[in-house]
Amino acid sequence: MRPLSGIRILAFEQYGAGPFGTQHLADLGAEVIKIEPAGTAGDYARGLGPYFVGDNPERSAASLFFQSFNRNKKSLTLDVTTDAGREILARLVASADATADNLRGDVPDKLGITYDSLKVHNPGIVCAHCSAYGREGPRAAWPGYDYLMQAEAGYFGLCGDPDAAPTRFGLSIVDYMAGQAMALGLVSAVLSARDTGLGRDVDIDLFSTAIFNLSYLGAWALNTDYEPGRQPRSAHPSLVPCQLYKTADGWIYLMCNKAGFWPLLCDLLGRPALAADPRFSTFPDRLRNRDELTGLLDEALSENTTEFWLGVLRGKVPVAPVLSPAEALANPYLTERGLIQSLNLGKDGAFDVIASPIRAGSDGDRDQPAPDLGGHSDEILADLGYSDDEIAEFRRGNVV
């Protein structure tokens, strides 16, 4: 069976960071129930274009953006601000292992989805929160998004060429990292709760995650006079060669991050004398003479095409082509590794998504597309013990 089978998670989530994290948990077998506000369009991402499965923007699960974050989940519509909605939530919490949310820092308290609010229904419940700036402090009520975090945490100052404007990542990388951190914190707390019977709040925020992932650059900046900056050609700040180089028809990325790769690269390029050249014999030497070495490697690599050099270097020296996303996804290696999967949205047809990178075994169940809005409401309510008549009454009252 999938490793998280038997774990139930109630997800108060929207857009990217939270859903990205809980999709990992759903892929690993957890039952993730998206609780979306009744009487609304649900998760904002449901309507996010410009691309839709079957070119059908009217269907609540047709957005390809939404499908990229919500595979293998269920959807329940519920108004938790009503008395009946809170009673349903109480039953759900009693049956669950955890909640997860990526709401503004002050909202979980207002909705009553913190540990202090929910422990009366289940002392073992874990409440994982992924906010912009945390649930405490002067920024708790601030809205915040990935690109803002990249700007303030120094990422813009690391990306792009030195003479260009500060540049963000092309991906919402802080959202993804924070979502994964939330998932790790949630699972860790659930393990503890199963041992002790006591849950807790687990807090992750985008800003703290962005700062944390400065990692060794952060340690350098905190403890020395090092000033992180942008390098030409997407170069590493201290390892040489580790950057883009010109070929006869484009670019190639080389990364000699261990001493043995440098003389091997020189031999494979037909320039063995470079390995013994005192200007380039050690990492510090190559760093001091980076610009001169760049010219020499450009000259050697420009004698042939990128594809030629990939054939010579692959599997021997760390090397990669520079591809667009479409080119990267057309790589046959992805199919060989099972990194692309096809899901089916019924009458709207099949579509492809990127499969989970976590390989932890499976019970053979097929992955399911993201759910339609409220697509599992009746099933979940019936499982909680509500009758058909009670469910119908909830619908009439816009509780679900």
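The values are calculated or read from the model by the stated rules, or taken from the named source; none is laboratory data. Nothing here was measured: the structure is a model prediction, and the numbers come from that model. Using ideal geometry, Cβ is built from the backbone for each residue, glycine included, and neighbour counts are taken over all protein chains shown. Remember, those area values only see protein heavy atoms, side chains included, never the ligands or the DNA or RNA. Shrake-Rupley method; radii C 1.70, N 1.55, O 1.52, S 1.80 Å.
List of remarks:
- Remark: accessible surface ordering of Met182, Met1 (largest first) is Met1, Met182, probe radius 1.4 Å.
- Distant-in-sequence amide contacts of Gln243, defined by a placed amide H-H separation under 5 Å and a gap of 5 or more residues or a different chain, comprise Leu254.
- DSSP-loop chymotrypsin sites (Phe, Trp or Tyr not before Pro) across the range 153-184, with at most 16 other Cβ within 10 angstrom: Phe169
- Accessible surface, per residue, of the chain when the full set of protein chains is kept, probe 1.4 Å, Å²: 49
- Note, ³J(HN,Hα) from phi for the range 165-181, Karplus 6.51, -1.76, 1.60, rounded to Hz, x at Gly and Pro: 5, x, 10, 8, 4, x, 10, 7, 5, 5, 4, 5, 5, 5, x, 5, 5
- Rounded if a/c under 1.5, otherwise prolate or oblate - the range 15-81, Cα gyration tensor axes: oblate
- FRET efficiency estimate (nearest 0.05) - Cβ-Cβ, Ala326 to Leu184, R0 30 angstrom: 0.45
- Overall form of the chain per C-alpha gyration tensor (a/c, 1.5; a/b vs b/c): prolate
- Residues whose placed amide H lies under 5 Å from that of Lys34, excluding near-sequence neighbours: Ala11, Lys74, Ser75, Leu76
- Sparse-neighbourhood loop sites, GluC sites (Glu not before Pro) in the range 2-99 - DSSP loop, at most 10 other Cβ within 10 angstrom: Glu58
- Percent accessible area from carbon and sulfur atoms, the range 243-383, protein chains only, probe 1.4 Å: 55
- For the chain, share of DSSP beta bridges that run antiparallel, in % to the nearest 5: 40
- Counting only protein heavy atoms and a probe of 1.4 Å, the accessible surface of the range 22-170 is 56% carbon and sulfur.
- Computed lengthening from Leu239 to Leu64, 0.36 nm per intervening residue step minus Cα-Cα distance: 59.1 nm
- Of the chymotrypsin sites (Phe, Trp or Tyr not before Pro) found in the range 210-300, those that fall in a DSSP loop while having at most 14 other beta-carbon atoms within 10 Å are Tyr226.
- J(HN,Hα) series, the range 73-82, from Karplus relation 6.51 cos²θ - 1.76 cosθ + 1.60, nearest Hz, glycine and proline x: 9, 10, 10, 10, 8, 7, 9, 7, 8, 9
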